[in-house]
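The values are calculated or read from the model by the stated rules, or taken from the named source; none is laboratory data. Since the structure is predicted, the reported quantities are computational estimates derived from the model, not experimental observations. Glycine gets a Cβ as well: all are built from the backbone with ideal geometry, and neighbour counts include every protein chain shown.
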C-alpha cells in the first residue's frame, strides 16, 4: 500500500476485537494498523464479490423470465398499460 494515498482515521473497537487484531498482527509479523487495513480490504473485496454474484443471479433470473407471457391470451396488455400510465402520470413531478 502506498502511504501517499492513505487518509488517517480513528475507529472505536470493542476490546475483544482490538485484542484479536493485535494477536493477528503479531502472528503476521506486522503492525496493528496494517492488520486492520488487511482486514478491511478482505471485507471490502468479499462484499464486492457478493454484490457481483447477486447482480449476476438477478440478470440470469431476468433473462429466464423473458417471454414467459408471450403465449398468454387471457391478459389485455393495452388495458394494463393504460391503467399504469394513468397511475404513474405524475410520477416524476
Open item on the list: Suppose we filter the range 11-23 for residues that are closer than 15 Å to residue 40 by Cβ, surrounded by fewer than 10 Cβ atoms within 10 Å (Cβ to Cβ) and modelled with pLDDT of 95 or more; how many remain?
Closed with: 1
TODO: Report yes if residue 51 is at pLDDT below 95 and either touching a helix residue (DSSP H, G or I) at 6+ places or on another chain (Cβ under 6 Å) or exposed (fewer than 10 other Cβ atoms within 10 Å of the Cβ) (or both), otherwise no.
DONE: no
TODO: Give me a count of the residues in the range 24-33 that are surrounded by fewer than 13 Cβ atoms within 10 Å (Cβ to Cβ), in a helix (DSSP H, G or I) and either in contact (Cβ under 8 Å) with a residue 40 or more places away in the chain or in contact with a helix residue (DSSP H, G or I) (Cβ under 8 Å, 6 or more places away or on another chain) (or both).
DONE: 0
Task: Exclusive hit being assigned to a helix (DSSP H, G or I), surrounded by fewer than 11 Cβ atoms within 10 Å (Cβ to Cβ) and modelled with pLDDT under 80, set 78, 42, 74 - done: 78
